[in-house]
Each structure stands twice: as C-alpha cells, then as structure tokens.
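Step one of this worksheet: look at the structure below.
The values are calculated or read from the model by the stated rules, or taken from the named source; none is laboratory data. Since we're looking at a predicted model, the values are computed, not measured. When we count neighbours, we look across all protein chains shown, and the Cβ atoms used for this are built from the backbone with ideal geometry, even at glycine.
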Amino acid sequence: MHVMSRPFPHTLRRWAVAGALALAAPALWAAHGYAIWGELKYPDGFTHFDYVNPQAPKGGELRLVSNLRVSTFDKYNPFTLRGSAPAYLGELMFDSLLTGALDETGAGYGLLAEDVQAAPDGLSVTFHLRDTAKFHNGDPVLAADVKFSFDTLLGPHTSPAYKTILADVAGLDVLGERTVRFRFKVPNRELPLTVGAIPIFSHQWGNEIDPATGQRKTFDKVVMDPPIGSGPYKIGPVKFGRDITYVRDPGYWARDLPVRRGTANFDRITVKIYKDSTARLEALKAGEFDLMRFFSAGDWARRVNGRKFDSGELVKGEFTHKLPTGFQSYVLNTRRKPLDDIRVREALGLAVDYEWMNRQMFYGAYQRVRGLFGNTECAADGTPSPDELALLEPGRAQLPPAVFGPMYSPPRTDGDHSLRDNLRQAQALLREAGWTVQDGLLKNAQGEPMVLQYLDSNETGARVVSPWIRNLEKLGITLRFRPVDFALYQQRLRTFDFDIISINFQGTPNPGAEYADLFGSQAAKTPDSGNFSGIANPAVDRIITRMVGAKTKPDFIAACRALDRAISHSHILIPQWSASTHRMAYNAWRLQRPPQMPPYAPGEAWAIDSWWAAPPRQD
C-alpha cells in the first residue's frame with residue numbers, strides 16, 4: 001500500500017513547542033533566536049548544536065535514494081503546482097531567516113537573519129539580515145529578496161498551502177536594505193517562526209523575458225532555471241530519469257555560523273531514482289547507494305539481508321525518536337455519497353482489524369494511531385476538561401454528540417473485543433443510515449449497492465488493504481482497489497477525485513495555521529489544498545482559530561485537545577499505525593555519524609545534516 005506522505009510545505013518546517021512556560025508579552029526585544037513559549041535551549045554565543053560533530057571532516061559523497069514515488073523529475077522549482085522536483089532540493093538549496101535545531105522544538109535560531117525582534121503586542125516581527133549572507137551567484141541577500149520570495153509564494157502560481165499557512169500575515173515592509181518587518185492581522189505566537197522559515201530565493205531567479213508576452217516570466221514558467229538560493233548546496237551533474245547530484249558550495253557563506261557548524265559535511269549528495277521498491281532494495285544490497293529508510297515492516301524483517309550485511313559493510317539501525325506519531329490514516333472523502341454520512345464512515349472503520357494485521361503482516365512493529373496528536377501534550381484523553389468544553393459548547397449543534405464524551409478510541413479485536421462484535425455494530429449503523437443487505441450486497445432504499453474505490457499509486461498496496469476489503473465484503477460492501485500511476489494519482493488528489501486514499505500526515509507538538517489547510521472550510525473547496533476529507537464545519541474552524549491565536553500554553557493545550565476530539569469523532573479519518581523508531585540501513589564503511597540521533601530528527605534528514613564520509617578503508 002502506498003501511503004502518501006503529507007508533510008506541510010517543506011520550506012515551512014514546523015518548530016513545535018515542548019517547553020512549559022506560558023507565553024508572556026515581553027518588551028520589544030532583539031535576540032539570536034525566537035521561542036514560542038519564551039525559552040531557548042541554546043544561549044546567545046553558543047558555538048554549535050549539541051548533536052553535531054563540529055570537527056567533522058568535509059568531503060566524500062553521500063548516495064541516497066529518492067523518497068518520492070516518481071520515475072524522474074521534470075523541474076527545479078519545488079514551489080509551483082505542476083510537475084515534480086527532485087528530492088531534497090528545497091532543503092539543500094534554500095536558506096531561511098531562521099532555522100531550527102533537531103534536539104529542540106518550538107524554537108528557531110538566526111540563519112539569514114542575525115537577530116529577530118518580536119513586538120510586545122504580537123502583531124509584528126522584525127528581522128535584520130546578516131551582512132555576510134549571499135546567494136549562489138555571489139549577490140548579497142537583501143530585504144528586497146525576502147519580499148520577492150514572500151510575494152511570490154503568496155502569488156497565483158504556488159501551492160495554496162502557503163496562502164493558508166500565511167493567512168494571518170498582513171504584509172511585509174522593507175525597512176532598510178537588510179531589514180524587513182512582517183505584520184500580522186492578529187497576535188499569533190507561532191507566526192515569527194512561520195515567516196522565519198519561508199525559503200528565500202533571489203529576485204534574479206527566472207528573471208528572463210518571456211518571448212510570448214515580452215514580460216518577465218511568471219513563476220509557473222520558471223521550471224528548469226537552476227534555483228538561485230543561498231543554501232549549502234547547488235545543483236551539480238544530472239542524469240534525467242536516473243539521478244541528480246548536489247554539490248557543496250565551498251564558499252558557502254554560513255559554513256562557520258553556530259547553526260551550521262558540523263553540518264553539510266559531504267562534498268556531494270547524489271539522489272538516485274528507481275522505479276519501484278524492489279529495485280531500490282536490490283540496489284541497496286548491491287551497494288549502489290549508502291542509506292535507505294524503511295517503511296515496510298515486512299521488508300525490514302525478512303528482506304534486508306545479504307552478503308554486504310553479513311560482512312558488516314551494510315548495517316541495520318533502529319533509532320528511537322521523540323517525534324509525534326502523526327496521524328497516518330485512511331481518508332474518507334465526505335464530498336461523495338455515501339461517505340457524507342457519519343454512520344457509514346464509522347461503520348467502515350469498524351471493519352479494520354488492526355490487531356490481526358499487526359500480528360500477521362507487520363511483525364508487531366507498529367502502534368495504532370489514536371488521534372491527531374499522539375506522543376504530544378496535545379493528545380486528548382478521557383472526558384473533556386472544563387476549558388475544552390468551553391471551546392466545544394458553542395458548536396454543540398454542529399459537532400457529533402460523542403465529542404462531549406470520552407475521547408475516541410479505535411475499535412479493537414483483542415482481549416474482550418472481536419471483529420464479529422465490531423461488524424455487528426457496523427451493521428446496526430448501516431441499517432440506521434438506510435442500508436440493508438439484499439442478495440448478498442449492501443443496498444440503499446433505491447436498490448443501489450455500496451461500491452467504493454480505494455485509490456493508490458502502488459500496485460503492491462493491495463496486500464495491505466486486502467484484509468479490510470475482505471471484512472467489508474462480510475457487510476455486503478464492495479471496496480475496489482484502483483492503482484494508478486503517480487502523476488495521475490497526484491492529479492486526482494489535487495482535484496479530490498477519489499473515495500478513499502491513505503495519507504501519512506506528519507504530526508507536530510505545536511499545531512498551528514496549517515491545520516486550517518487540513519480541516520478548514522475554506523480549504524475544503526480549494527483545489528490542491530490538504531483538506532482531502534472535505535470536512536467543512538464552522539465549529540472546527542472556530543477551534544482552529546482559537547488554537548492558532550492562543551496567548552497562553554493552557555489555552556493552547558485546551559484548543560488542540562478540543563480539535564483532536566472534534567476530528568476523531570467525525571470519523572473522516574480511519575487511523576492506521578505508526579512507529580517509534582526510524583529504521584535505516586546504511587553503509588558503515590562509507591559513512592560515519594554522531595553517537596546519538598537528536599530526538600526530533602526526521603529520519604534520513606539526520607544523515608544529510610550531520611553525518612560525514614568515513615576515511616578510505618585500508619583493505
């Protein structure tokens with residue numbers, strides 16, 4: 001089963017909070033960083049992040065495999081809607097005003113910006129750019145480039161997710177050659193980090209005249225123009241359909257900054273492309289690349305082996321993290337009948353036998369997803385607190401009654417629970433919704449059978465979804481597995497042309513404006529938004545607004561827990577599973593790494609950021 005990952009825009013990386021301080025309203029201040037709740041781990045004058053090796057040698061090559069399910073790439077612009085950009089291009093080529101640490105959440109430190117000034121009323125933040133910051137073409141990074149990047153990302157040719165996430169940004173003022181101020185529509189503790197994470201690119205990128213119009217090219221026409229960013233890497237040799245190599249900029253302007261010391265250690269990072277998972281696995285065993293992260297428990301348990309593993313050249317590593325579980329889920333498109341009926345949606349979830357799947361198919365490697373915010377303080381539990389009820393009560397008429405009771409828990413089939421009992425409960429819900437079994441098929445009052453389609457971009461996904469299909473057949477429901485190529489899959493997701501899909505939503509301990517893109521009413525009717533379920537509920541919109549605008553941590557926690565309850569009890573997502581470790585196989589003869597993985601490292605990003613090339617072996 002292809003579980004498509006749904007991160008928030010990679011260039012708006014989430015810095016989530018783990019501190020215990022309530023947000024105070026400090027006097028206007030300038031600092032080397034910004035923390036949502038007022039506390040930074042690293043003081044002014046720190047020399048490097050704790051998890052890096054500041055003496056790591058530079059040189060060598062890191063060979064990766066593309067984590068995108070595409071056979072090639074057709075553009076160098078990762079921000080436009082059409083086409084596919086190479087893996088890791090955005091992370092490697094574009095710096096931002098602030099950057100986060102992988103052992104801390106809810107904080108950002110100056111990268112392009114040498115200091116950040118947050119206004120006491122929470123309505124603006126000012127950044128001063130470093131005099132030393134420069135783009136790959138040698139031009140200085142100026143306030144005009146920050147404004148150009150901001151305006152472009154909010155323009156008509158980029159993902160609507162930017163417009164959603166930056167919806168509370170009123171504008172950007174250029175106060176000087178290297179000074180910018182972002183103005184906010186409402187006080188928002190998170191927005192300094194959000195705008196601080198915007199990718200900054202040169203106003204010269206794509207600055208050619210379009211022969212058809214005689215005007216500068218619009219951003220959607222900037223396709224194969226090499227990006228002019230300020231990050232540690234530039235595009236090197238490219239073999240279309242096979243691989244792309246990023247080369248380290250030896251004159252990288254930030255190489256000696258505390259936030260960059262000990263990072264970007266490889267001279268070259270080559271990303272290889274393979275057409276299917278079997279080819280990738282065999283290429284790893286053959287030594288064609290150096291590191292691969294595994295999402296398949298079956299592959300990890302039974303197929304990650306061979307001669308190079310026996311010799312110690314390749315090593316299997318499971319690295320425990322403290323990342324949120326996320327909420328990998330089957331997504332039910334409520335824009336379509338009969339999925340617009342909450343009783344039908346709940347019945348479909350009752351037919352998933354996760355405990356059997358984990359035993360028989362996943363080697364006990366996973367834990368069940370239980371809500372939006374697992375492994376964070378935002379996870380709801382038990383009955384709503386008084387503060388949560390105060391947020392939920394105004395929307396009582398618009399929310400399922402179950403929201404006001406115990407927190408949703410996915411159906412179980414172990415202990416005192418059984419699949420048979422769950423299917424009986426599902427039958428009762430379906431009868432209540434007007435569906436009865438006729439001639440072995442579940443039909444409505446008009447005699448129409450319930451036939452649904454599960455859309456996937458990987459034929460091998462049929463194995464994982466087959467147990468659910470068999471259980472639904474017992475209810476008289478037909479669920480058809482429909483694999484399509486990745487390009488068509490993306491197109492159908494952009495236009496919400498599906499019944500059911502699987503999405504791996506990345507979690508965060510500090511949910512913010514991006515949740516309006518996932519569950520907001522406006523996003524529900526915006527093509528290419530993240531609201532795949534189509535939920536459009538004013539009560540949910542109000543909770544998200546309160547969550548984003550919370551002034552204190554207790555108010556924030558109450559709001560995100562209220563959202564957790566509202567979404568979980570709406571049955572728009574059927575929770576799947578998560579893992580508490582990153583499973584990675586890597587070449588120990590070619591790579592060296594720090595002894596401990598930072599707790600909030602997102603998988604292979606740790607290797608890209610902090611590993612280095614091993615010295616040549618003396619065989």
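So if I check each of Thr263, Thr278, which one is modelled with pLDDT under 95 and either crowded, with 22+ Cβ neighbours inside 10 Å or not basic (Lys, Arg) (or both)?
Residue meeting the stated conditions: Thr278.
Given Thr278, Thr270, which one is among the β-branched types (Val, Ile, Thr) and either closer than 18 Å to Asp609 by Cβ or in the same structural domain as Leu98 (by TED's automatic domain parsing) (or both)?
Criteria check complete, one pass: Thr270.
Residue by residue through the range 157-174, note down the ones that are without any contact (Cβ under 8 Å) to a residue 60 or more places away in the chain and out of contact with any helix residue (DSSP H, G or I) (no Cβ under 7 Å at 6 or more places or on another chain).
Matches in the range 157-174: Lys163, Ala170, Gly171, Asp173.
For the structure I just gave you, tell me whether Ser533 is touching a strand residue (DSSP E or B) at 6+ places or on another chain (Cβ under 9 Å), polar (S, T, N, Q) and either at pLDDT below 90 or in the same structural domain as Pro384 (by TED's automatic domain parsing) (or both).
Yes, satisfied.
Could you please find all residues in the range 180-217 being surrounded by 15 or more Cβ atoms within 10 Å (Cβ to Cβ), part of a loop (DSSP other than H, G, I, E, B) and more than 23 Å from the chain's Cα centre (by Cα)?
If the condition is that a residue be surrounded by 15 or more Cβ atoms within 10 Å (Cβ to Cβ), part of a loop (DSSP other than H, G, I, E, B) and more than 23 Å from the chain's Cα centre (by Cα), then Pro187, Ser202, His203, Trp205, Gly206, Lys217 are the ones that fit.
Checking Thr376 against (1) closer than 22 Å to Ile535 by Cβ; (2) touching a helix residue (DSSP H, G or I) at 6+ places or on another chain (Cβ under 8 Å), which test does it fail?
Of everything listed in (1) closer than 22 Å to Ile535 by Cβ; (2) touching a helix residue (DSSP H, G or I) at 6+ places or on another chain (Cβ under 8 Å), Thr376 misses just condition (2).
Please find, within the range 306-340, the residue that is surrounded by the fewest Cβ atoms within 10 Å (Cβ to Cβ) out of those that are of a type in the set (Val, Ile, Thr) and part of a strand (DSSP E or B).
My answer is Thr320.
Inside the range 289-305, can you point out the residues that are closer than 12 Å to Tyr586 by Cα, of a type in the set (Phe, Trp, Tyr) and in a loop (DSSP other than H, G, I, E, B)?
Phe289
A quick yes/no check of all residues on (1) under 29 Å from Val352 (Cα atoms); (2) surrounded by fewer than 19 Cβ atoms within 10 Å (Cβ to Cβ); (3) within 19 Å of the chain's Cα centre (by Cα):
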{"position": "Ile535", "(1), (2), (3)": "yes, no, no"}
{"position": "Val540", "(1), (2), (3)": "yes, no, no"}
{"position": "Ile543", "(1), (2), (3)": "no, no, no"}
{"position": "Arg546", "(1), (2), (3)": "no, yes, no"}
{"position": "Ile557", "(1), (2), (3)": "no, no, no"}
{"position": "Arg565", "(1), (2), (3)": "yes, no, no"}
{"position": "Gln576", "(1), (2), (3)": "yes, no, yes"}
{"position": "Ala588", "(1), (2), (3)": "no, yes, no"}
{"position": "Pro615", "(1), (2), (3)": "no, yes, no"}
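Just give me the residues in the range 577-619 being more than 29 Å from Phe362 (Cβ to Cβ) and among the polar types (S, T, N, Q), in sequence order.
Gln592, Ser610, Gln618
Pick from the range 482-495 the residues that are crowded, with 18+ Cβ neighbours inside 10 Å and of a type outside the set (S, T, N, Q): which of them is farthest from the chain's Cα centre (by Cα)?
Checked the range 482-495; the qualifying residue farthest from the chain's Cα centre (by Cα) is Tyr489.
When you go through Val116, Val141, Val65 one by one, which is the residue that is closer than 30 Å to Thr278 by Cα, of a type in the set (A, V, I, L, M) and in contact (Cβ under 8 Å) with a residue 12 or more places away in the chain?
Val65
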